[in-house]
Amino acid sequence: MTIGYNAIEVEVDLEAIRHNYRILKEKGSNVYGVVKADAYGHGLVEVSRALEAEGADTFAVGTVGEALSLRNSGCSKRIIALLGPLSETDCFNAAKYDIIPFVGEFEQLEMLSKVVASQGRKVRICLKFDTGMSRLGFSLDELEQLVSWLKGNPDVIPVLASSHLATSDDPAYEEYMNGQAGKFTHILDTLSAAGFELEASLANSAGILVHDRVHFSAQRGGIALYGANPLNGTRWEGLGERLRPAMQVSTRIAAVRRLTKGQAVSYGCTYVAERDMTVAIVCAGYADGYSRQLSNTGEVCIKGKRAPILGRVCMQLCIVDVSHVEGVNFADRAYLLGGEGEGRISPDDLAGWWGTITYEVFCLLGLNPRVYRNK
Ligand SMILES: *Cc1c(COP(=O)(O)O)cnc(C)c1O
């Protein structure tokens, strides 16, 4: 899934991703690579190969369909589908291609057992528990019923157990996280007493970096692989400071123009030049996943300097102030993310102007055409 022809180029540095994986491995014992949503916009197959070269042997994607495309790319490692089976086709493919789906509903168990029986196969699954996200997963109340279902249906084989943390990146909610870890421990003990010894994962990136006590026997690393520090702005920030952003996004300048004092800029005339100025018309807009939220707020990096966006971001263009930047010309590069020198734009800078989190910035800008460095 990519946006078609435009001027944007997404550069992904695979060495940065390998470096970030090594950092997570220093902390965790068994770190799965979370590569859902096309590896947070960085490219499912390329990122998975880079992680595999660093020793990753388990990959977590979103849908069973995404798992299938990773399998079809030649990946022979363990693949987990975090969204679980949503149709009989998903159940069929999970069993046939040895994809391990998350399962947190009795409906999914029933559908799986019916489909694998007709295939004459077995299927391996990851039991998903809700310990505090109130999203997907079996609840503690359902544990007894779950154990008896599993005992009666040996063709559906639980091999993993997991739950997801809601607040591992926030020092103010450490007790909430501890509560989740306590519930998860109780779940694992109950399963173990019933004869199910499962590999267990609870931690996401922040959990891996900060909290050894939530590491259990495996961990799921996502955002940190892509070089955004989930701890920025907290007192734990230093624990992720060595992470290196892997994505850089640039486009071309379509025109450079003089503006005279009093001239209005872009739709709605929301910016009026306070002085004579030089502006660059930059080929990036909301159709490229570059949010209209950045109107009058965001900045781009041109020749190592920051150039603020003036007026509204349009569908495929925005206008930036380059009065203070020497020698800006038609067809020069403007960086939406990354860039050189003092003006370099970090994922957190961009997410801040945008009013969102780095995850969303990567997923949306990553829809544009990508090139890879350091394969
Ligand atoms: C996305 C996701 C992760 C990774 O979280 P990060 O904060 O990106 O490390 C882990 N587990 C599940 C279930 C997820 O959906």
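The values are calculated or read from the model by the stated rules, or taken from the named source; none is laboratory data. Not measured: the values here are computed from a predicted model. Please note: Cβ atoms are built from the backbone with ideal geometry, for glycine as well, and neighbour counts cover all protein chains shown.
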Flag if S168 is in a loop (DSSP other than H, G, I, E, B) and at pLDDT 95 or above: yes
Scanning for something of a type outside the set (A, V, I, L, M, F, W, C), away from the ligand (no atom under 13 Å from the Cβ), part of a helix (DSSP H, G or I) and buried (at least 21 other Cβ atoms within 10 Å of the Cβ), does the stretch 56-78 turn up at least one residue? no
Residues located in the stretch 315-334, provided they are surrounded by fewer than 18 Cβ atoms within 10 Å (Cβ to Cβ) and in a loop (DSSP other than H, G, I, E, B): M315, S323, H324, E326, G327, N329, F330, A331, D332
Output for the stretch 213-233, where each listed residue is of a type in the set (D, E, K, R) and either within 9 Å of the ligand (Cβ to nearest atom) or assigned to a strand (DSSP E or B) (or both): R220
Determine, yes or no, whether T270 is under 25 Å from T167 (Cα atoms), over 16 Å from the mean Cα position of the chain (by Cα) and either away from the ligand (no atom under 13 Å from the Cβ) or not assigned by TED's automatic domain parsing to the domain that holds K151 (or both). no
Neighbours by Cβ (under 7 Å, 6+ apart or cross-chain): first from the stretch 259-271, free of Cβ contacts under 8 Å to residues at least 12 places away in the same chain; second surrounded by 13 or more Cβ atoms within 10 Å (Cβ to Cβ) and in a loop (DSSP other than H, G, I, E, B): G262/A273; Q263/A273
Would a scan of the stretch 81-92 turn up a residue that is more than 21 Å from R370 (Cβ to Cβ), among the aromatic types (F, W, Y) and without any contact (Cβ under 8 Å) to a residue 60 or more places away in the chain? yes
